[in-house]
Amino acid sequence: MRARIGTRRRAVALAAVATLGAGLLAGCADDGDKGSDTSGDGGGKGRTTITLGLFGTFGYKEAGLFDEYEKLNPNINIEQNVIERNENYYPALVNHLTTNSGLMDIQAVEVANISEVVQTQSDKLLDLSKYGKESDYLDSKWAQATTGSGQTVGLGTDVGPMAICYRKDLFQKAGLPTDRDEVGKLWAGDWAKLVDVGRDYQKKAPKGTTFMDSPGGLLNAILGSESKKFYDESGKVVYKTNPAVKDAFDLTSEAATDGLVGNQTQFQPAWDQTIANSRFAAISCPPWMLGTIKGKSKPEAKGQWDVAQAPRSGNWGGAFLAVPKSGKNAEEAAKLAAWLTAPAQQVKLFAVQGSFPSTPGVYTSSEVTGAKNEMTGDAPIGTIFAEAAKKSPVQIIGPKDLIIQQGLTDNGVALVARGKSAEEAWEAAVKTIDNKLEQ
């Protein structure tokens, strides 16, 4: 799946907005002008060009969906402009929405940013409830992009239902079961049981390996299974007083102190090498993580992985497509956004790209139930992730979720893995987060 999920985690300074502001229009634009007019009005060729502003790899082009739509609608030409990292993409998007200029016809919004967009930018965006069908989507996905007055500012793309991916060969060497059902039973219902399994693993761990890849990955997974994390129902920031957050932080810190997790930050080059060199046995694993594993692994790792249900179902990742009202082609853009996120297209994208659908009606389709991944062999990944998606809680997402999450991981539990105490790491995380929230 698209690298946006991994790399989006870094917050970027507001000073970057000025230099990146033109990025939504020009940054990392695809080549391949098809000879049609690009001004948006159809021009001499008689075709209307619809532009999409995306980050990472959404997979629409790779899965052939743009070409398919253009064949169904010969008057439409589609072009995408892609910025690799959401931390660079999103500040520029906010700048363009605020000034109501420089926007693409369709703009992607990452799930950690959707609350802020709903609360502060909904007046700039088309109500897509007239184009997409609410009944097609997971209730939580539709609700995340809908205002209190009922305006739906984004149509859901994928979701990130959580599982645990693990190395069968390393589990076997450590004396642990390898059957996915038996593995899942080891930690069913309790993240603390997962950490206990890690302690069992480390007793006979193959040299140079840890149980899990990173403290940030473990913390993200635990928090992803909570309905209330950083904000309460009224929109108040509660991460410091919510017991679920502190409990997750402390449990992750225990795992880090005991050497059960690696000391690398996810999605950085050093972490990539831990995948390539088989330095950990398990990882918090939404569907898109399989693409990361595949891309970073050596050939001999193929088929060595398997997937088990997580201790508790949760979600990590996902995005939306929004349509600015100011676009010259807002009506046609809304139709395209609805088509790209419709069940039929979501299941095609899953088959090619691994992006798990936010449309539960396709979870029983053969494309999902029969899905396999070369890294995980015969594991019924579609069924496993579908079960997790259906059981995942509806989460309260606040406008600064990404800042808080990144502070707890990179400025918090990561410090424990590098020798700080849990108390010192918590204080450092809180200081970093509160400073950023005050900006």
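For Phe350, state whether it is under 24 Å from Ser115 (Cβ atoms), in contact with a Pro (Cβ under 6 Å, 6 or more places away or on another chain), buried (at least 22 other Cβ atoms within 10 Å of the Cβ) and not basic (Lys, Arg). Walk me through how you get there before you give the answer.
Details: under 24 Å from Ser115 (Cβ atoms): no; in contact with a Pro (Cβ under 6 Å, 6 or more places away or on another chain): yes; buried (at least 22 other Cβ atoms within 10 Å of the Cβ): yes; not basic (Lys, Arg): yes.
Here the answer is no, as Phe350 does not meet what is asked.
What residue, of Glu387, Glu423, Glu427, is surrounded by fewer than 24 Cβ atoms within 10 Å (Cβ to Cβ), closer than 20 Å to Gly224 by Cβ and among the charged types (D, E, K, R)? Lay out the reasoning, then the answer.
Values: Glu423 fails: closer than 20 Å to Gly224 by Cβ; Glu427 fails: closer than 20 Å to Gly224 by Cβ.
That would be Glu387, the only listed residue that is surrounded by fewer than 24 Cβ atoms within 10 Å (Cβ to Cβ), closer than 20 Å to Gly224 by Cβ and among the charged types (D, E, K, R).
Return yes or no: is Gly398 modelled with pLDDT under 95, touching a Phe, Trp or Tyr at 6+ places or on another chain (Cβ under 7 Å) and either assigned by TED's automatic domain parsing to the domain that holds Arg180 or farther than 20 Å from Thr257 by Cα (or both)? If you could, list the steps in order and put the result at the bottom.
On the way: modelled with pLDDT under 95: yes; touching a Phe, Trp or Tyr at 6+ places or on another chain (Cβ under 7 Å): yes; either assigned by TED's automatic domain parsing to the domain that holds Arg180 or farther than 20 Å from Thr257 by Cα (or both): yes.
The answer is yes for Gly398.
Looking only at the stretch 128-181, count every residue that is of a type in the set (Lys, Arg), modelled with pLDDT of 95 or more, in a helix (DSSP H, G or I) and under 25 Å from the mean Cα position of the chain (by Cα) and tell me the total.
1
Evaluate the stretch 304-313: report whether one residue or more is part of a strand (DSSP E or B), aromatic (Phe, Trp, Tyr), touching a residue at least 12 places away in the same chain (Cβ under 8 Å) and in the same structural domain as Asn86 (by TED's automatic domain parsing).
Step one: of the stretch 304-313, the residues part of a strand (DSSP E or B) are 305-309.
With the extra rule that they be aromatic (Phe, Trp, Tyr), the set shrinks to 305.
So of that shortlist, the ones also touching a residue at least 12 places away in the same chain (Cβ under 8 Å) come out as 305.
Now narrow it down to the ones that are in the same structural domain as Asn86 (by TED's automatic domain parsing): none.
No, that holds for no residue.
Taking the stretch 276-333 only, how many residues are more than 24 Å from Asn81 (Cβ to Cβ) and of a type outside the set (Gly, Ala, Ser)? It would help to see each step written out before you state the result.
Narrowing the stretch 276-333 to residues more than 24 Å from Asn81 (Cβ to Cβ): 276-287, 289-290, 293-294, 296-316.
Those still in the list that are of a type outside the set (Gly, Ala, Ser) too: 277, 279-280, 283, 285-287, 289-290, 293-294, 296, 298-300, 302, 304-307, 309, 311-312, 315-316.
Summing the residues that are more than 24 Å from Asn81 (Cβ to Cβ) and of a type outside the set (Gly, Ala, Ser) in the stretch 276-333 gives 25.
How about the stretch 283-313: which of its residues are touching a Ser or Thr at 6+ places or on another chain (Cβ under 6 Å) and over 17 Å from Lys168 (Cβ atoms)? Don't jump to the end; show me each part of the working.
Filtering the stretch 283-313 for residues touching a Ser or Thr at 6+ places or on another chain (Cβ under 6 Å) gives 305-307, 312-313.
Once the filter is applied, which keeps residues that are touching a Ser or Thr at 6+ places or on another chain (Cβ under 6 Å) and over 17 Å from Lys168 (Cβ atoms), the stretch 283-313 yields Arg312, Ser313.
Is one or more of the residues making up the stretch 258-274 outside the structural domain of Thr147 (by TED's automatic domain parsing), charged (D, E, K, R), farther than 21 Å from Lys294 by Cβ and in a loop (DSSP other than H, G, I, E, B)? Full working, then the answer.
Of the stretch 258-274, the ones outside the structural domain of Thr147 (by TED's automatic domain parsing) are 258-274.
From what's left, charged (D, E, K, R): 258, 272.
Of the ones still in play, those that are also farther than 21 Å from Lys294 by Cβ are 258.
Then drop every residue that is not in a loop (DSSP other than H, G, I, E, B), which leaves 258.
Yes: one or more hits.
Residues of the stretch 134-145 being surrounded by fewer than 19 Cβ atoms within 10 Å (Cβ to Cβ) and touching a residue at least 12 places away in the same chain (Cβ under 8 Å), which ones?
Answer for the stretch 134-145, where residues must be surrounded by fewer than 19 Cβ atoms within 10 Å (Cβ to Cβ) and touching a residue at least 12 places away in the same chain (Cβ under 8 Å): Glu134, Asp139, Ala143.
Give me the pairs: first residue in the stretch 171-182 and among the β-branched types (Val, Ile, Thr), second residue exposed (fewer than 15 other Cβ atoms within 10 Å of the Cβ), beta-carbon distance under 9 Å, and six or more apart or on different chains, which are they?
Here the result reads Thr178/Gln172, each pair linking the stretch 171-182 to a residue that is exposed (fewer than 15 other Cβ atoms within 10 Å of the Cβ).
The values are calculated or read from the model by the stated rules, or taken from the named source; none is laboratory data. In this text the structure is predicted, and so the values were computed from the model without any measurement. Positions of Cβ are backbone-derived with ideal geometry, glycine not excepted, and every protein chain shown enters the neighbour counts.
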